[in-house]
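See below for the structure under consideration.
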Amino acid sequence: MDQEIAKRMLVEGATMIFLNIPPGTEFGIDLKSWNTGDKFKGVKMIPPGIHIIHYSTIGKYGDISPKVSFMHNFKKQEFLVKKWDLDSEDISSECIQNEEIKRFKDNLFELDQFLGPYPFDTWPQWKKLSNHISESLLERLNPESGLIRSALELVKGEPKTERRSRGRTSEEKEEELLPNLVPKEGSNIRMTPLPEAYPEGCSPAEITLHSMDSTYTLEKIISQFNNEMDLLGELQFLFICFLVGQSLEAMESWRTLFRTLCKVRSGLVRRRGLYSAFLKVLETQLIFIPEDFLVDIVASNNVIYSSLRDLFRSMKEEAGVEPRLKCEAEHLKERLTHKFGWDFEDLEEEVGDEAPVIVDLQDV
């Protein structure tokens, strides 16, 4: 670690105390994780800002529990204390009193030997992955429970509405016998709702245009934020939740938001600053994750590749797109071609079933 950074973080860095966590637990902060030992009590020298804490317990037969994580905006010299609940085998929801926190602070010299230093070798990457997530946005997106779970807690919901017995398939009858399980209240990530793809009352021709250009949807989404860059903050939050927190819920939402941003055409001119930042966010996200993970999970049906082709084609064809933005897109194309071997030549050709949907009057 750079000695100047080390000295500064000794003074400014935050500390997280995690008491009674079982030995052998897979514990991590941001992009690094370890298996805890008997003496582990937390992490020191945490740079001020947004960080994700994540953990998975290890059973006596070596089985790993689903990952649980939480994101927190650490302030300078903050002292965060969490406890492990042995009964629930999870982090305790107990509120730590200020008096107890003060005792730990006063005892920091003795505690220091039980605290691991923040992994500064991954800090530059982490800052690129999270630089658009503000504290207000974090509060808005975090589940009400405060915990992001790779396996959602499901509870029994309202009984399914009974259908008429006539005309039902055997599969439908079997499905109706299953309990209606829904996510436990407060456990969901609070993503920004996506609007309809086109305004009410559109003509068939207008619906066709909206299917080829998601600018209307983009503008409706941005209107729900304090500023346009919060949209990229949400994209980063979702990416971190599925990359580090292993949340499939976040993965699907990230993919939907990514697809919407890539299908914008006319909005590229008005939102030049947003798209310049979006290209940088994409470069970090797509280059960072392992290639096999990208291919096997994220790029099912080539949605990532085909979406990027849409974006690069729009930047090439749309009148008024600034030359500098086009150069930034070319740079990203070259990086992705080098890493994944993706071909972005002949952008005019449609890939698979990604051709625009033409609405006929008879279909309306």
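Report in % the part of the accessible area of region 204-295 that belongs to carbon and sulfur, leaving out ligands and nucleic acids; probe 1.4 Å. Answer for region 204-295: carbon and sulfur cover 56 percent of the accessible area. Between GLU139 and ILE5, the contour length at 0.36 nm per residue exceeds the Cα-Cα span by 45.4 nm.
At a Förster distance of 56 Å, what's the computed FRET efficiency of LEU111 paired with ARG272, Cβ-Cβ distance as r, to 0.05? The calculated FRET efficiency here is 0.65. Calculated FRET efficiency, LYS339 to ASP90, Cβ-Cβ distance, R0 = 45 Å: about 0.75 to the nearest 0.05. Note on region 1-105: with neighbouring protein chains present and a 1.4 Å probe, carbon and sulfur make up 49 percent of its accessible heavy-atom surface.
Backbone amide hydrogens, once placed in the peptide plane, bring VAL264 within less than 5 Å of SER214, excluding anything fewer than 5 places away on its chain. Paramagnetic label reach from ASN20 (point 7 Å along Cα→Cβ; backbone nitrogen cut-off under 15 Å): within region 45-59, no residues.
The listed peptides 23-29, 236-242, ordered by packing as a protection proxy, come out as 236-242, 23-29 (highest mean of other Cβ atoms within 10 Å first). The heavy atoms of GLU330 offer some 90 square angstrom of accessible surface to a 1.4 angstrom probe. The candidates ASP112, ASP106, arranged from most to least accessible area with a 1.4 Å probe in the full protein assembly, appear as ASP106, ASP112.
Ordering ARG190, ARG265 by how much accessible area each has at a 1.4 Å probe, largest first, what is the list?
Working: ARG190 95, ARG265 55 Å².
Output order, biggest surface exposure first: ARG190, ARG265.
Would you mind getting me the FRET efficiency between GLN77 and SER223? Use the beta-carbon distance for r and R0 = 41 Å, nearest 0.05. Intermediate values should be presented prior to the final figure.
Numbers: r = 38 Å, r/R0 = 0.92.
E(calc), rounded to 0.05, equals 0.60.
3J(HN,Hα) along region 113-118, derived from phi through the Karplus expression 6.51 cos²θ - 1.76 cosθ + 1.60 where θ = phi - 60°, amounts to 5, 9, 10, x, x, 4 Hz, with x in place of Gly and Pro. Amide hydrogen proximity for PHE79: with H placed 1.01 Å from N in the peptide plane, the residues at 5 or more positions away or on another chain lying under 5 Å are THR15.
The values are calculated or read from the model by the stated rules, or taken from the named source; none is laboratory data. Values in this document were obtained by computation on a predicted structure and should not be read as measured data. Counting neighbours? That spans all protein chains shown, and the Cβs are built from the backbone with ideal geometry, glycine included. Calculation scope for accessible area: heavy atoms of the full protein, side chains included, ligands and nucleic acids excluded. Shrake-Rupley method; radii C 1.70, N 1.55, O 1.52, S 1.80 Å.
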